[in-house]
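Some notes on the structure that comes next.
The values are calculated or read from the model by the stated rules, or taken from the named source; none is laboratory data. Nothing here was measured: the structure is a model prediction, and the numbers come from that model. Every residue, glycine as well, gets a Cβ built from its backbone with ideal geometry; the counts of neighbours run over all protein chains shown.
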Amino acid sequence: MNDKYPIIPPERIERAILLIRDQKVILDTDLARLYGVTTKRLNEQVKRNSGRFPSDFMFQLTAEEKAKVVANCDHLSKLKYSPVLPYAFTEHGAIMAASVLNTPKAIEVSVYVVRAFVRIREYLATHKELARKLAVLEKKYDAQFKVVFDALRQLMAPPTKPRRRIGF
């Protein structure tokens, strides 16, 4: 395996990773393409080895989820016409799929798939940390600036003159 020149660009794998049911997953069609087999072959091997794929490794999309994925992902437009509901593989399921396929390309590509999942996890962690820091700063400075803005408003407001009463 050559780490300098990956056989598949990491960005391509990252684009295939979707967020479904609050989990990062790769659909069977994308995983099969990455591993160099047909979707049918991938799913056959998964069914033959169903004990290796518990629900936290793989799940089947509902019709609504499939429609949403097809609408949001241009590269999955062929799924629109498929009567079969696709399977979604988590990071662990994608690695298990490589082991049941047992082809040299699947084994080699599985390393890149893991790296893509890890990279996305790192991005999410970084964004969560930045959001947390921003929230702390906003709380800290909102209180300080409120005092400043209140003082400015008082200075900008015209002095109030007592109104002259009309009538008795």
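Summary of computed values
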quantity: Residue within segment 99-116 that is farther than 20 Å from Asn43 by Cα, loosely packed, with under 10 Cβ neighbours inside 10 Å and either of a type in the set (Val, Ile, Thr) or modelled with pLDDT of 80 or more (or both) present; calculated: no
quantity: Residue that is modelled with the lowest pLDDT, among those in segment 59-98 that are among the polar types (S, T, N, Q) and in a helix (DSSP H, G or I); calculated: Ser77
quantity: Which listed residue, of Leu27, Leu19, is closer than 15 Å to Phe117 by Cα and either without any contact (Cβ under 8 Å) to a residue 60 or more places away in the chain or surrounded by fewer than 13 Cβ atoms within 10 Å (Cβ to Cβ) (or both); calculated: Leu19
quantity: Matching entry among Leu61, Leu85 (being without any contact (Cβ under 8 Å) to a residue 60 or more places away in the chain and under 19 Å from the mean Cα position of the chain (by Cα)); calculated: Leu61
quantity: Boolean, Lys47 is at pLDDT 85 or above and more than 16 Å from the chain's Cα centre (by Cα); calculated: yes
quantity: Residues of segment 42-58 satisfying the condition of being surrounded by 12 or more Cβ atoms within 10 Å (Cβ to Cβ) and in contact (Cβ under 8 Å) with a residue 40 or more places away in the chain; calculated: Leu42, Asn43, Gln45, Val46, Asn49, Arg52, Phe53
quantity: Subset tally (residues that are charged (D, E, K, R), under 22 Å from Glu14 (Cα atoms) and exposed (fewer than 12 other Cβ atoms within 10 Å of the Cβ)) for segment 59-79; calculated: 2
quantity: Hits in segment 19-28 - residues which are closer than 18 Å to Met96 by Cα and outside any helix (DSSP H, G or I); calculated: Gln23, Lys24, Val25, Ile26, Leu27
quantity: Filter result for Pro54 (over 26 Å from Ile107 (Cα atoms) and not aliphatic (A, V, I, L, M)); calculated: no
